[in-house]
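K.L.:
I'd like to ask some things about the structure below.
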Amino acid sequence: MNRVSLPSAAAAFVKSLLVASLAVSGLVCAAEQPAHGAAAPAHGAAVAAPVKADAAKGGTLFDSGDAARSLPACVSCHGAAGNSTIATNPKLAGQIENYVYKQLVDFGGADRNQAIMTTYAKMMTDSEKHDVAAYLAAQKQKPGAAKNKDTLDLGKKIYRGGIADKGVAACASCHGATGNGMPIQYPRLAGQHQDYTVAQLTAFRGGARKNSAPMVALSKRMSDDEMKAVADYIAGLK
Ligand code: HEC
Ligand code: HEC
């Protein structure tokens, strides 16, 4: 009901942008593989047909880390079963498996450099990345909640309809109508802490996070207020 209704020409334009950015993201993935292949040989294989991931092993690593390598327990920051209660640490429970694996690979490279996670990701083996991803994908997320009534309509409008006059495609078109994500490349956003979502949009816009061509392009067209509004709406999605 709150969907922005566009004149058909504008709608076609938005659609063509979306198709174009999808094509770009496809190209980016294809182009990335040889580069990652050199550093982590199993990456290409993971995209085509995941190697056998051991979710139980992943759960043990998540809960206990590995003291011998000074790899901390993920649970200490990301919460029990990946339900972080700290707004700057993302919830990981129920996240798309391949997306989690990709992030752990990307943290080890130049496209998503982040002091904490880059250090830990570099300490993990490729199969540990697969195992943790399989464990997290199987966990149930504890829902979040929107906090700001005043911006909820704007957030919903952006999520469902995009921002037509700025060429920002609807978030729903890639992340799903309820924000549950779509295997294999579109992450779940629903229920995520608003602070974390805003931080990622800001990182895409500013160039600190470069691992997604469509997200870099569309975040550059969004204002701080639009990011906050959509992040708050997303936190309340289930
Ligand atoms: C000291 C706190 C801390 C610990 C311990 C920690 N993380 Fe993180 N993790 C973070 C923060 C903060 C971020 C957000 C990074 C950013 O802003 O890009 C993050 C991001 C992530 C992401 C990306 C999520 C997304 O939605 O893109 C994954 C995956 C992840 N961590 C997995 C792990 C795993 C697996 C472990 C254990 C080996 C671990 N983390 C341990 C703090 C931590
Ligand atoms: C053309 C498809 C597409 C559209 C449209 C899109 N996204 Fe994304 N988004 C992606 C992809 C692909 C990723 C995963 C990037 C990666 O692999 O690191 C992503 C990642 C994200 C992340 C990071 C999630 C995390 O856990 O760190 C956020 C936040 C996000 N998108 C928000 C949005 C919002 C808000 C909108 C609407 C304004 C939107 N996206 C529209 C494709 C899209």
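A short reminder: the numbers here are calculations on the coordinates, not readings from a lab. Remember, it's a predicted structure, so these values are computed and weren't measured experimentally. With ideal geometry, Cβ positions are generated from the backbone for all residues, glycine too; neighbour counts draw on all protein chains shown.
K.L.:
What share of all Cα pairs of the stretch 40-137, in percent, falls into each consecutive 5 Å distance bin?
P.N.:
Computed distribution, short to long bins: 3, 14, 24, 29, 20, 8, 2.
K.L.:
Restricting to Cα pairs below 8 Å that are 6+ residues apart, what does the relative contact order work out to for the stretch 40-137? Please round to a whole percent.
P.N.:
For the stretch 40-137, the relative contact order is 36 percent.
K.L.:
Now, a different point. Say each of ASP153 and ASP165 gets a label point 7 Å from the Cα, pointing the same way as Cα to Cβ; how far apart are those two points in nm?
P.N.:
Output for this residue pair reads 1.6 nm.
K.L.:
State, as an integer percentage, the relative contact order of the stretch 97-190 based on alpha-carbon contacts under 8 Å between residues 6 or more apart.
P.N.:
Rounded, it is 23 percent for the stretch 97-190.
K.L.:
Can you tell me how much longer the chain between ASP195 and LEU71 gets when fully stretched, taken as 0.36 nm per residue apart minus their C-alpha distance, in nm with one decimal?
P.N.:
Here the answer is 42.1 nm.
K.L.:
Among the listed pairs LYS91/LYS140; LYS57/LYS129; LYS57/LYS102; LYS129/LYS220, which are separated by more than 21 Å between their Cα atoms?
P.N.:
Correct reply: LYS129/LYS220.
K.L.:
Using Cα positions and a limit of under 15 Å, work out the aspartates and glutamates in reach of LYS52, with same-chain residues fewer than 8 apart set aside.
P.N.:
Those aspartates and glutamates meeting the cut-off are GLU97, ASP126, GLU128, ASP131.
K.L.:
Calculated FRET efficiency, ASP63 and ASP224, Cβ-Cβ r, R0 35 Å, to nearest 0.05?
P.N.:
Once the sixth-power term is evaluated, E becomes 0.40.
K.L.:
Straight distance only, please: which aspartates and glutamates reach the Cα of LYS122 with their own Cα at less than 13 Å, same-chain residues fewer than 8 apart left out?
P.N.:
Candidates past the 8-residue exclusion: ASP106.
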